[in-house]
Every structure is written in C-alpha cells, then in structure tokens.
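Let me begin by presenting the structure, written as structure tokens, before commenting on it.
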Amino acid sequence: MKILQPKVLAFAVAALLPLSVQAHQASITFDASQQGPVINRDIYGQFAEHLGRGIYEGLWVGKDSKIPNTKGFRNDVIAALKEIKVPLVRWPGGCFADEYHWREGIGPQNKRPIKVNTHWGGVEETNAVGTHEFFDLVELLGAEAYINGNLGTGTPQEMAEWLEYMTSDKNSTLANERRANGRDKPFEIAYFGVGNEAWGCGGNMRPEYYSDLYRHYATFLKTPPGKMPKLVASGGDTADTSWTDVLSSQIPLRMMDGISYHFYTLPKNDWKDKGDALNFSQDEWFTTMERTYRMEKYVSDNVAKLDKNDPDGKLGFYVDEWGTWYNPEPDREPGFLYQQNSMRDAVVAAVNFNIFHKHADRVRMTSIAQMVNVLQAMILTDNEKMVLTPTYYVYDMYKVFQDATSIPFTIKTDKYSFEGDNVPAVTASVAKGTDGKLYVALVNLDPTESASVNLHVNGVKASKAVGQILTADQMDAHNSFDNPQQVQPASFSSSLNKLSLPAKSVVVAELVP
Ligand code: AHR
C-alpha cells in the first residue's frame, strides 16, 4: 500500500472537498398520499405561427417535396413531435392572427391569394397552409386545436363564420363549403382565442376597450351543442396584472373560459439587445435564470386577481406565449426569429414547468413560442436535416407529468447567488402520473455548482430515484446539424438521500422502493 505524504494527502482531501462542501443543499418533503390539482396536459402545448420557417419548411413542405411527407407535413418532424405527445397546437398567430382572413386559406391552394406577412420579414404568404391543412397537422399529431381568431382587423361576422365553417354539422352553406373543400365531419376545436396581444400588435387597445370588444365578438360565436371551444380572452404580459384584473371583472364569466398571458425571457431584459443564444457569459446565464424565474411572481400576481374576481375558479390562466427570445443570428432574416437552443434553454423550460405545476389549479394551458425553427423551438430544420434541441428533451422527460396529479411538497433550498442577486438553486415538481407511478422533477439552476438534494418521502415506500438526466459541460452546449447529439438525456439512478444534481441539470425520475 502506498503511504501518502502529508502534502499529497492535503491535496487529495482538497480535491474531494468541492463536491461535499460547495454543493448547494436542498431538501424536499412530501406525503405521497396527498393530492394537489391535476397538471393539465395542455400545459405542454405548442405554438405554430406563420412566422419565418416555423410552418413553411419546418412543418409543411408540400406534397411534392422530396422530403418525405404526409399531406405535405414532414414525416421526420411529425414523428419527433408525436414522441413528446404534443397535446395542443396554437395557430395561426400571434400577431399574424390579427391580420389573418380565414377565407384566404381555403379552397384550391393555387387559387389562394398571396399576401405580405407584414409582421414577420415582409415575406410572401402563400396561404398554402390554411384551415384544412392545420387540422391535417393536429390530426397527424393526435393533438388538440387552439385557433386564434382575428379581432384586430376582422369583423364579428368573419370570426363567427369561421367558427361555423369549422364546426357546423348542419346543411348550411358554410358547412357545405367545408364539405366541398374535402372535409365532411366538423373539425373539433379545443380553444378559440378572441384576438391576440390586444395591448400591442393586436390593436394597441386599453383593457376596458378590449373587454367591450370581446363581449361584442364572443356574443356571435356559436357552435352545435357541446362543441363550443374554450374561449380565450387575450390578456396582459410581463409584470402587468391590469389586463387580468379588468378582463375578469368586465367580461361576464359565462362568456369566457380563460385569460391568456405572455412573458418572454430576455437575458438582458432589453428588446434592442436581448442577448445571444450562444457564447454568453455566466452573467447572462444568471440574468436568464433570474428573469425566467419572475414567471413565479407574475403568475402568482395574476392568479391573485383571478381569485378576487372569480373566487369559484372558473377561469384558467393560459400562458400561451413564453420562452427565451434572443438576438437574431447575424446572417439571418431578423424577422424570422430563428435562434439556437442550448442547455440554458433546457433549464429555462424545466424551471417554468415547475412553476406551472405549482399553479396547476389556474395554469391549465400554456403554449411555448414556438414549435419549430422559431424562438425556443423543439426542433430546428435545414432542408432535409432536422435536429432536436435540449428543450425538446425536457418536454420528452416531463411528459410523464401530463395529466398527472400534483403532490404538494415543501422545499428548502440554498440560493444560487450572483453579484448580489439570487434565485433558488433547486426547483422541483412531485406528482403521481396517470400510470400510477410517483415522479419527481428536479432542476439545478446553477451553471457551476452541484446540488445535493434530500428527498423525504412519506406515505409510500421509496428509496431510489430512477429516470433520466439532462446536463452538459458547457453552458451553451447545443445540438447542431453537424453535431446533433451533443446534448442528450442519460439514465439516472440515485438513493433519495443526498441525491446529487450536477451543475445545470434537469432530472425526471420515478421514485421506487
Ligand atoms: O411569438 C412571436 C410573437 O410574440 C407573437 O406573434 C406575438 O404574439 C408576440 O409578441
């Protein structure tokens, strides 16, 4: 046996120290027999706007493309999205929705008018993807449809007629027009948005004025019995709670099912210089975490307004646009909002899921912006190539939480501090899946320090966590077309005592005896 000299021994001990001494400490306690609200699967919804290469190229390539497709939609992208069980897709916008006239997207594709997409790059919009194609997409995915109506430049008549066109089972002229365009059975719509960002691109309105317009438009939205989608009033954004407050007090509760809300994570909190998707400093990692974690306060503040105006809890709080928004890449069309997606985005996604789960009684639907090639995307494409982003893998790992029953827990955690500011080092979710299994999700927000988590589980025998981990060496580790497997989940197994979360990691695991 080799005897270590005192100096060498001291070095060896010091080398072991960082893990045990520097690791953040967190402890989570719960009783598995307790039940919180169900985590609506629609929290895992997606947004697909006519924007950049999100719809055209990213999803739809047309039936004649050499890229293998079904009804014009790329087979590779559809298969990957089915894997993460996309529950719902919001379409056609966004800002695009308030300039979208549905009649321009029906009938023979070569006869549809070509418009200018005034919001996103001023490109030609062929209307090749319209109502029928959108429903092809959701039906291929096995997802629900969230249609966003045009209140900004459309009339109540146009909105009402679109709904009748899609849902009527009668012999009406509009329903027969749908049949003539190839669809006999009415389409099923889960959610219908009455405008988008009415405070901005949707019309620069005040909430009082929008409330009246909402009442006006929604009055004429009619469907066959039992087919009315959940009606979504377009709410506020960021720290503003006035939209939630005014809408939930000025619009009769019977006329809506939920209020939407938008919040984007900009590392620098500056729309002119948001921060870059890659090659960022530790400073920007921290500010990204600090900004994204504001979602907790923003949701709580808005929910407090709902609790005041809707004490019976009828209304949902729908976060139907969220995610990271970075500077455009220098050699790309800035209006296309294409950005890379790194380990940082994966942590952002998981932090937000844990917040949404905590507020699952009101947060019943969200849709991340956006599904393919736009902002915090699941998938990036380049002609026939496709790459799955770190965010995609977080959606995949978290799919066990879709429709799971949340379990209330307490968490005590160190802070991840940076230059005088801080966020929790660890955030978590606990739930019983629809398969009856007990799941925990854990995120370490710190990019440089590991975290040691003690899980105290009552009400069930559990001694191990077995599942998957997503982590990486570099803060901006990402999957590219040249190196598509840089960030991939790996298997994870640990005892519940001193479960070690590496720096910048996401774990989703089943708790087993
Ligand atoms: O997701 C991109 C845009 O962001 C949407 O069109 C708009 O609603 C929001 O401002």
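The values are calculated or read from the model by the stated rules, or taken from the named source; none is laboratory data. Everything numeric in this text was worked out from a predicted model, so none of it was measured. Glycine also receives a Cβ, built like all others from the backbone with ideal geometry; neighbour counts cover every protein chain displayed. Accessible surface areas use protein heavy atoms only, side chains included; no ligands, DNA or RNA. Shrake-Rupley method; radii C 1.70, N 1.55, O 1.52, S 1.80 Å.
Calculate how many DSSP beta bridges within the chain are antiparallel, expressed in % of all such bridges and rounded to the nearest 5. Intermediate values should be presented prior to the final figure.
Numbers: 52 of 91 bridges.
If I count the DSSP bridges inside the chain, around 55 percent turn out antiparallel.
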Quiz item: Computed FRET efficiency, Cβ-Cβ of LYS272 and ASP482, R0 45 Å: what is it to the nearest 0.05?
Solution: 0.90
Quiz prompt | Förster-model FRET efficiency, 25 Å R0, LYS66 and ASP382, C-beta, rounded to 0.05 | solution = 0.95
Quiz item: Put +1 on the Cβ of each Lys and Arg and -1 on the Cβ of each Asp and Glu in segment 395-472; which of ALA472, GLY459, GLN402 then has its Cα farthest toward the positive end of the dipole?
Solution: GLY459
Quiz prompt | Percentage, to the nearest whole number, of Cα pairs in segment 41-403 over 39 Å apart | solution = 10 percent
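Once the Cβ-Cβ distance between LYS297 and GLN474 is put in as r, and R0 is 30 Å, what FRET efficiency do you end up with, to the nearest 0.05? Provide the component values of the computation, followed by the final result.
Details: r = 30 Å, r/R0 = 1.00.
The formula returns an efficiency of 0.50 here.
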Quiz prompt | Degrees between helix 156-167 axis and first principal axis of the chain (Cα, 0 to 90, nearest 10) | solution = 80 degrees
Quiz prompt | Amide hydrogen neighbours beyond the local backbone of THR70, cut-off 5 Å, H modeled | solution = ASN75
Quiz item: Expressed in nm to one decimal, what extension gain is obtained for the pair VAL116 and LYS412 from 0.36 nm per residue of sequence separation less their Cα-Cα distance?
Solution: 101.3 nm
Quiz prompt | Nearest-20 debye value, segment 408-513 charge dipole, Cβ charges on Lys, Arg, Asp, Glu | solution = 680 debye
Quiz item: Using the Karplus equation 6.51 cos²θ - 1.76 cosθ + 1.60 (θ = phi - 60°), what ³J(HN,Hα) coupling, rounded to whole Hz, does each residue of segment 51-64 give in order, writing x for Gly and Pro?
Solution: 8, x, 9, x, 8, 6, 5, x, 10, 10, 10, x, 5, 8
Self-check item: Heavy-atom accessible area per residue - segment 41-403, 1.4 Å, Å²
Solution: 36 Å²
Exercise. Could you run the Karplus curve 6.51 cos²θ - 1.76 cosθ + 1.60 with θ = phi - 60° over segment 430-447 and give me ³J(HN,Hα) per residue in whole Hz, x for Gly and Pro?
Key: 9, 7, 9, x, 5, 8, x, 8, 9, 10, 10, 10, 9, 10, 9, 7, 7, x
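Counting Lys and Arg as +1 and Asp and Glu as -1, what is the net charge of the other residues whose Cβ lies under 13 Å from the Cβ of PRO513? Working shown, then result.
Numbers: positive: LYS437, LYS461, LYS464; negative: GLU510.
Local charge sum for PRO513: +2.
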Quiz item: Using a basic spin-label model with each label point 7 Å from the Cα along Cα→Cβ, how many nm lie between LYS461 and GLN157?
Solution: 7.1 nm
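May I ask for the net charge around GLY203, where only other residues with Cβ less than 9 Å from the Cβ of GLY203 are counted and Lys, Arg are +1 while Asp, Glu are -1?
Values: positive: none; negative: ASP98, GLU197.
Spelling it out: positives minus negatives among the neighbours equals -2.
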Quiz item: With axes computed from alpha carbons, what is the tilt in degrees of helix 6-17 against the longest principal axis of the chain, rounded to the nearest 10 within 0 to 90?
Solution: 20 degrees
Practice problem: Please get the size of the charge dipole for the chain, origin at its Cα centre, with Cβ charges of +1 on Lys and Arg and -1 on Asp and Glu, quoted in debye to the nearest 20. | Solution: 1320 debye
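For a quick protection proxy, order the peptides 234-245, 202-213 by their average other-Cβ count within 10 Å, most packed first. Present the calculation step by step, with values, prior to reporting the outcome.
Numbers: 234-245: 21.0, 202-213: 17.6.
The peptides rank, most packed first, as 234-245, 202-213.
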Exercise. Would you calculate the separation in nanometres between label points at SER500 and GLN25, each defined as 7 Å from the Cα along the Cα-to-beta-carbon direction?
Key: 1.8 nm
Exercise. Could you check how much of the accessible area of the chain is carbon and sulfur, as a whole percent, using a 1.4 Å probe?
Key: 51 percent
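Determine the sum of side-chain charges near GLU419: Lys and Arg each +1, Asp and Glu each -1, restricted to other residues whose C-beta is under 13 angstrom from that of GLU419. Walk me through the intermediate numbers first.
Numbers: positive: LYS415; negative: ASP283, GLU284, GLU290, ASP421.
Cβ neighbours under 13 Å give a net charge of -3.
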Self-check item: Gained length - THR448 relative to ARG179, 0.36 nm times residue gap less alpha-carbon distance
Solution: 91.0 nm
Quiz item: Among GLY121, THR381, VAL61, whose Cα lies farthest out toward the positive end of the dipole of segment 41-403, if unit charges sit on the beta carbon of Lys, Arg (+1) and Asp, Glu (-1)?
Solution: VAL61
